[in-house]
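**Student:** Let me begin by handing over the structure; questions about it come next.
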Amino acid sequence: MTVKELQNEILRIKKEKDVCILAHAYQSHEIWEVADYVGDSYGLSLKAKETKNKNVIMCGVRFMAETCKILSPDKKVYLPNSDAGCPMAEQFTKEDALQLKKQYPGLPLVAYINTSAELKTVTEVVVTSSSAVKIIQNMDEQEMLFVPDCNLGSWISQKLPDKKLHMIKGGCPTHMRITGHDVEEAKAIHPDALVLVHPECLPEVTAMSDYIGSTTDIMKFAKESDAKEFIIGTENSIKEHLQFECPEKMFYPLSKTTVCMNMKLTTLMDVYNTLMLRSGEEIILDPTTIYDARKCIDNMIKLGG
Ligand code: 13P
Ligand code: SF4
């Protein structure tokens with residue numbers, strides 16, 4: 001079977017079985033082509049809430065599929081490759097959160113969406129990279145706990161100096177591999193290129209960049225910009241997708257090591273096998289977890305607009 005034939009089969013079967021395929025922007029181009037929606041974590045959450053299909057296949061990592069199940073508990077939600085987790089989401093547990101809350105009584109806990117469903121049950125507000133600044137600005141509280149990504153937290157603090165975020169030491173191992181030295185090297189090779197990076201990068205990297213944004217925001221900026229060359233500081237799939245969408249522009253990786261092994265796990269064949277109910281994992285969460293975890297995600301959507 002060719003890739004094209006497999007994609008056609010997927011498109012046919014998903015219609016027949018009333019399945020919506022959602023894909024995070026870091027997924028492969030082959031998967032993008034069969035998806036009903038591709039976007040960042042915030043966009044995926046909104047789609048998960050509004051889709052009318054009975055079944056959803058979430059191509060991404062576990063926390064994205066869990067968020068989808070929490071927002072659409074009556075649907076069957078599948079993660080096509082059950083090994084696809086997010087290492088950052090495993091850095092901080094519900095027990096760690098309860099300890100931290102004891103240390104800082106009365107402060108709300110704000111968590112990056114890249115966290116487990118369990119942790120979300122004791123979280124007041126969830127944020128994503130594209131919505132964090134707006135949400136925290138809209139919160140009444142001036143002081144809060146922020147977990148687990150201290151790089152994203154530092155970027156938010158710079159944007160909102162009146163807000164005090166108490167952070168822990170956590171972050172994305174993929175983005176934290178990029179160094180200030182990588183930026184210097186890439187700029188020396190491509191002096192006319194703009195540097196676009198994700199806020200999960202180290203502060204030494206964001207400080208040297210021309211634009212900071214979520215996966216979707218980076219793509220939007222590059223497509224709309226008059227510039228012709230871009231150095232991309234996020235998972236290297238974004239550089240490839242941009243090259244497809246804007247063949248007249250040039251895109252370079254900020255570092256060749258910016259590869260998320262977890263995001264790379266899901267294949268087109270996994271999507272097909274999930275549709276055929278031969279593999280993949282149906283996300284099952286108990287009703288209490290869904291109920292308790294939903295509040296902080298609803299707060300995200302309410303404050304994020
Ligand atoms: P986005 O919200 O930008 O899609 O980020 C998700 C993610 O996992 C980035 O590493
Ligand atoms: Fe998690 Fe980082 Fe991979 Fe995003 S890129 S899924 S934050 S490990």
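Readers should treat all values here as calculations from the given coordinates under stated rules, not as data from a laboratory. Here the structure is a predicted model, which means the values were calculated and not measured. Here Cβ is always computed from backbone atoms with ideal geometry, including for glycine, and neighbour counts include all displayed protein chains.
**Student:** Find the relative contact order for the chain and round it to a whole percent, using C-alpha pairs within less than 8 Å whose residues are 6+ positions apart. Please report the intermediate quantities before stating the final value.
**Tutor:** Values: 593 pairs, mean separation 66.7, N = 305.
Worked out over the chain, it gives 22 percent.
**Student:** Once you have the Cα-Cα distance between K256 and Y211, take 0.36 nm times their residue separation minus that, and quote the gain in nm to one decimal. Don't skip to the end; give the middle numbers.
**Tutor:** On the way: separation 45, 0.36 × 45 = 16.20 nm, distance 1.96 nm.
Between K256 and Y211, full extension yields 14.2 nm more.
**Student:** Using the number of other C-beta atoms within 10 angstrom as an exposure proxy, rank M167, M276 with the fewest first.
**Tutor:** The most exposed by this proxy come first: M276, M167.
**Student:** So, one more: State, to one decimal in nm, how far the label point of T288 lies from the label point of V3, with both points 7 Å from Cα in the Cβ direction.
**Tutor:** Modelled inter-label distance: 4.7 nm.
**Student:** Now, a different point. Assuming R0 = 22 Å, can you tell me the calculated FRET efficiency for the pair Q137 and K223, based on Cβ-Cβ distance, to the nearest 0.05? All intermediate terms of the calculation are to be shown ahead of the outcome.
**Tutor:** Numbers: r = 26 Å, r/R0 = 1.19.
Efficiency computed from Cβ-Cβ geometry: 0.25.
**Student:** Considering the alpha-carbon set of the range 189-294 alone, what are its Rg and its Dmax in angstrom?
**Tutor:** Considering the range 189-294 through its Cα atoms, Rg and Dmax are 18.0, 54 Å.
**Student:** Which value, in Å to one decimal place, does the Kirkwood hydrodynamic radius take for the range 1-145 when every pair of different Cα atoms is included?
**Tutor:** Details: mean 1/r = 0.0603 Å⁻¹.
Hydrodynamic radius (Kirkwood, Cα pairs) of the range 1-145 is 16.6 Å.
**Student:** Give me a comma-separated list of calculated 3J(HN,Hα) values for the range 54-70, in order, Karplus coefficients 6.51, -1.76, 1.60 applied at θ = phi - 60°, integers in Hz, x for any Gly or Pro.
**Tutor:** Those phi angles translate into 6, 10, 10, 9, 9, 8, x, 10, 3, 4, 5, 5, 5, 4, 4, 5, 5 Hz.
**Student:** Right, next: Tell me, what are the semi-axes, in whole angstrom and largest first, of the equivalent ellipsoid of the chain as set by the roots of 5 times the Cα gyration tensor eigenvalues? The partial results should precede the final answer.
**Tutor:** Working: eigenvalues 168, 154, 46 Å².
Equivalent-ellipsoid dimensions as semi-axes: 29, 28, 15 Å.
**Student:** List the residues whose amide H sits under 5 Å from the amide H of V77, counting only those 5 or more places along or on another chain, with H placed 1.01 Å from N in the peptide plane.
**Tutor:** Under 5 Å from the amide H of V77: V56, I283.
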